[in-house]
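The next block holds one structure in the form of structure tokens; read it before the comments.
The values are calculated or read from the model by the stated rules, or taken from the named source; none is laboratory data. As the structure is a prediction and not an experimental result, all values here were calculated from the model. Neighbour counts are summed over all protein chains in view; Cβ atoms, including those assigned to glycine, are modelled from backbone coordinates with ideal geometry.
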Amino acid sequence: MMAGQKVVCVDDKFPLGIEKFYTALPKQGITYVIRDVTLGVNMKGEEGEVCLYLIGLENPKSTTPPFPERGFNAERFRPLEDDRLKESERIEAEAEQDEELEEVR
């Protein structure tokens, strides 16, 4: 998976209490666009999990240095296409994603 790629959430089952750490969670069946991919930590604090940041979902930063934004395990998503979006398509996708999220809320 890479930045600009469309993915669909296939697992939106989060543990109770997760809302203490996140302000925005993905919903199963909704399409998102990846804004960044990085290595992160899992729920147990173990390093090495592939972490996605999604356009339209921004969350608080971790309290652990170097204080990255809290992202989502890549295993919760499946790619919809292999090619990166063009920059203009990415901007358009971000606007559409914001509109969809407003409807869900």
Qualifying positions in the range 65-75 - touching a residue at least 12 places away in the same chain (Cβ under 8 Å) and assigned to a loop (DSSP other than H, G, I, E, B): 68, 70, 71
Leading residue by the ranking (modelled with the lowest pLDDT) among those in the range 44-57 that are charged (D, E, K, R) and part of a loop (DSSP other than H, G, I, E, B): 44
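In the range 25-43, how many are among the small types (Gly, Ala, Ser) and either touching a residue at least 60 places away in the same chain (Cβ under 8 Å) or outside any loop (DSSP other than H, G, I, E, B) (or both)?
At the first step, the residues of the range 25-43 found to be among the small types (Gly, Ala, Ser) are 29, 40.
Filter once more, so that each one left must be either touching a residue at least 60 places away in the same chain (Cβ under 8 Å) or outside any loop (DSSP other than H, G, I, E, B) (or both): 40.
Count: 1.
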Candidate set: the range 63-105, residues that are within 17 Å of residue 23 (Cα to Cα), at pLDDT 80 or above and within 13 Å of the chain's Cα centre (by Cα); chosen: the one surrounded by the most Cβ atoms within 10 Å (Cβ to Cβ): 72
Qualifying positions in the range 6-24 - surrounded by 13 or more Cβ atoms within 10 Å (Cβ to Cβ) and touching a residue at least 60 places away in the same chain (Cβ under 8 Å): 6, 7, 8, 9, 11, 12, 24
Scan of the range 44-57 for residues that are surrounded by fewer than 17 Cβ atoms within 10 Å (Cβ to Cβ) and within 13 Å of residue 74 (Cα to Cα), ordered by number: 48, 50
